[in-house]
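One structure below.
Every read-out reported here was derived from the displayed coordinates using simple, explicitly stated rules and does not represent laboratory data. Remember, it's a predicted structure, so these values are computed and weren't measured experimentally. Ideal geometry is used to build each Cβ from the backbone, glycine not excepted, and the neighbour counts take in all protein chains shown.
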Amino acid sequence: MKIAYIFATLLLFSCNHFSSRSPASIDKNILIIGDSHMAGPFGQYLHQSVSTNTGVNIVTYGHASSAPIHWLSENRQKLSGGVYHQLSANKTINPNELIKFSNPNPTDWRTPVEVPFFEQLTTNMNLHEKWRNNGFPDSSYDYVVIELGANDRRAIVNNDVVNQVGYNQRLRLTRELALLATKNGEKCLWVGPPHGRTKTDFEQATLYKMLEEALEPTSCQLISSNHYKAMGCDGVHFNCRQEMDNAKKWAGEIANMIKSIL
């Protein structure tokens, strides 16, 4: 697996590692999942950008506090911190219009919400009956974007010392999710977490080392977001006014990468 670093070589990487189709074929589907970054401004900006002028259907599920361990659990674990569910249907419902649907079951950010079972999403990325009733059919995805890893940090390193048991477990689960996501040959991008004021360089480096090792034998391409660092807000997220520009820039870079593989 080759690691994609989004810097000046973004477009060159895209051309070398993915087959491009422009414009995208009608009824192609993108599934995007992630943690609190995806549940916040970054995820909203990303969804909006990818759904513009691409001609594809996009479903985004962002669940705060989540990690691969939660998306792979058949016990349907509930987490609080906020969720973001959004559907943008290009031409599938109306051939002349982009149809958007938000979460039909909105909750307060403090309310624990069930994390989707990812194996179910591999065959049907439509979780909501209301979306189905409004004309969006049950369908599998052709492309998948996974933004997870930040919430594995405390399980794999503590006080700048690696917890090898936790490291090995989270590596295995990350690899399992990537293999499941691409089991039918789907294109896959894995977005690594940005740096932050509350993380040490050792913690961040260890987290990326785990992601690199986990994804190496898979076809899921790792994108580094290490060049973004949350200094404002809570030192982790880009969800306050001070960090909103970083949220937009980060989303824009990832959106360009996604569009390049369509």
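General observations
- Of Lys187/Lys229; Lys100/Lys130; Lys28/Lys187, those spanning more than 21 Å from alpha-carbon to alpha-carbon: Lys187/Lys229
- Relative contact order computed over region 4-261 (Cα-Cα under 8 Å; 6+ residues apart), in percent: 22 percent
- Angle of helix 244-261 to the longest C-alpha principal axis of the chain, folded into 0 to 90 degrees and rounded to 10: 60°.
- Helix 201-215 vs. the chain, principal-axis angle (Cα, 0 to 90°, nearest 10): 50 degrees
- Residue by residue, region 60-70 carries 3J(HN,Hα) couplings of 10, 10, x, 10, 4, 6, 8, 9, x, 4, 7 Hz when phi is fed to the Karplus relation 6.51 cos²θ - 1.76 cosθ + 1.60 (θ = phi - 60°); x denotes Gly or Pro.
- DSSP-defined beta bridges in the chain - what % are antiparallel, rounded to 5: 40 percent
- Angle between the chain longest axis and helix 164-181 axis [Cα atoms, degrees, rounded to 10]: 10 degrees
- GNM top mover of Gln77, Gln242, Gln204 - the chain, alpha-carbon springs below 10 Å: Gln242
- Cα gyration tensor category, rounded, prolate or oblate, for region 183-259 with a/c compared to 1.5: oblate
- The chain: C-alpha pair distances exceeding 31 Å, %: 19 percent
- Hydrodynamic radius of region 111-190 by the Kirkwood approach over all distinct alpha-carbon pairs: 14.8 Å.
- Neighbour counting of Cβ atoms within 10 Å sorts the residues Met244, Met38, Met231, Met257, fewest neighbours leading, into Met231, Met244, Met257, Met38.
- Estimated from helices alone, the mean residue ellipticity of the chain at 222 nm is -9500 deg cm²/dmol (sum of -39500 (n - 2.57) over DSSP H runs with n ≥ 4, per residue).
- For a straight C-alpha distance cut-off of 20 angstrom, the aspartates and glutamates reachable from Lys249 (same-chain residues fewer than eight places away being disregarded) are Asp35, Glu147, Asp234.
- Remark: Asp27, Asp142 ranked as Asp27, Asp142, counting other beta-carbon atoms within 10 Å and listing the fewest first.
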